[in-house]
Amino acid sequence: NIGIRIYRPSANDLKPTLIYVHGACWVAGSLNSHDEICRYLSVMADVNVIAIDYRLAPEHKYPAAHNDVYDTIEWLWTNADELRIDTKYFAIAGESAGAYLAAATALRAKNTKNGPQFKFQLLVYAALDGGGSSWTPCKDLYFNNTDEVRTDYGSPLRSENLADLPTTFNIYGENEISRAEEELFVYKLKDQKVQAQSYMNKG
């Protein structure tokens with residue numbers, strides 16, 4: 001069983017849906033730790049936000065967190081009518097390790113027949129290369145070996161086929177250790193005709 005929390009800006013209206021995947025280096029974070037940002041996004045963007053409480057490393061190694069996020073979203077997609085969530089405007093967002101999971105999930109959904117169909121993904125301070133130099137101590141706690149790192153869902157940046165991914169907005173820091181991964185990912189998206197845009201937070 002995987003915990004979720006649904007934030008609705010109004011009780012009955014059908015709103016666009018934003019899946020939010022929390023970060024914290026694959027080893028921490030919860031529904032409670034990111035409750036404030038989910039409430040903020042729901043109210044300010046006027047969308048239904050759904051947070052997912054995936055399993056954490058090192059107790060649960062790759063691909064546990066990835067599978068938890070994807071399986072939950074597939075269940076949400078299948079049960080959308082009962083849950084009163086909109087699948088016409090369906091988006092995913094995450095920060096740090098959560099942005100990695102969001103990117104991997106969007107890629108898997110694209111590759112899955114009749115999978116969830118995302119219109120948009122928001123990646124904030126994303127770690128996109130499982131074998132990259134950013135957040136190495138955390139990655140060592142999440143991945144079991146280099147073979148996992150080299151898979152599409154272990155390292156979305158390394159995927160050869162990014163075409164048909166949803167419109168992407170990437171936020172990164174000027175001095176962030178994963179900046180190179182994010183800039184290269186956006187470059188590859190644009191090269192494969194995916195609408196993508198970045199915003200760099202300076203200082």
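The single condition among (1) under 22 Å from residue 166 (Cα atoms); (2) open to solvent by less than 60 Å² (accessible area, probe 1.4 Å) that residue 46 does not meet is (2). With respect to the conditions (1) in a loop (DSSP other than H, G, I, E, B); (2) farther than 22 Å from residue 32 by Cβ; (3) out of contact with any helix residue (DSSP H, G or I) (no Cβ under 9 Å at 6 or more places or on another chain), residue 87 falls short on a single one, namely (3). Residues that are among the β-branched types (Val, Ile, Thr), farther than 18 Å from residue 111 by Cα and within 16 Å of the chain's Cα centre (by Cα) within the range 144-181 comprise just one, 171.
Are any residues in the range 113-144 at negative phi and open to solvent by 50 Å² or more (accessible area, probe 1.4 Å), and if so, which ones?
Quick first cut of the range 113-144, residues at negative phi only: 113, 115-124, 126-134, 136-144.
Hits for the range 113-144 are 113, 117, 119, 120, 133, 136, 137, 140, 141, 144.
Applying a threshold of 6 Å to beta carbon distances and a minimum spacing of six or more residues, or different chains, the list of pairs starting in the range 192-203 at a residue that is under 17 Å from residue 163 (Cβ atoms) and ending at one that is open to solvent by less than 100 Å² (accessible area, probe 1.4 Å) and hydroxyl-bearing (Ser, Thr, Tyr) reads 195/167; 196/168.
Just checking, which of 4, 19 is open to solvent by 30 Å² or more (accessible area, probe 1.4 Å) and either under 19 Å from residue 72 (Cα atoms) or in a strand (DSSP E or B) (or both)? Steps first, answer last, please.
Numbers: 19 fails: open to solvent by 30 Å² or more (accessible area, probe 1.4 Å).
Result of the check over 4, 19: 4.
Restricting attention to the range 127-171, the residues being in contact (Cβ under 8 Å) with a residue 24 or more places away in the chain, among the aliphatic types (A, V, I, L, M) and not in a loop (DSSP other than H, G, I, E, B) number 3.
Quick check: is even one residue across the range 50-64 part of a helix (DSSP H, G or I) and buried (at least 16 other Cβ atoms within 10 Å of the Cβ)? Lay out the reasoning, then the answer.
First, pick out the residues of the range 50-64 that are part of a helix (DSSP H, G or I): 64.
In the following step, the residues that additionally are buried (at least 16 other Cβ atoms within 10 Å of the Cβ) were identified as 64.
Yes, because at least one residue in the range 50-64 is part of a helix (DSSP H, G or I) and buried (at least 16 other Cβ atoms within 10 Å of the Cβ).
The values are calculated or read from the model by the stated rules, or taken from the named source; none is laboratory data. Here the structure is a predicted model, which is why all the values come from computation and not from measurement. FYI the Cβ positions are ideal-geometry reconstructions off the backbone, even for glycines, and counts take in every protein chain you see. In case anyone asks, the SASA skips ligands and DNA or RNA and just uses the protein heavy atoms, side chains included. Shrake-Rupley method; radii C 1.70, N 1.55, O 1.52, S 1.80 Å.
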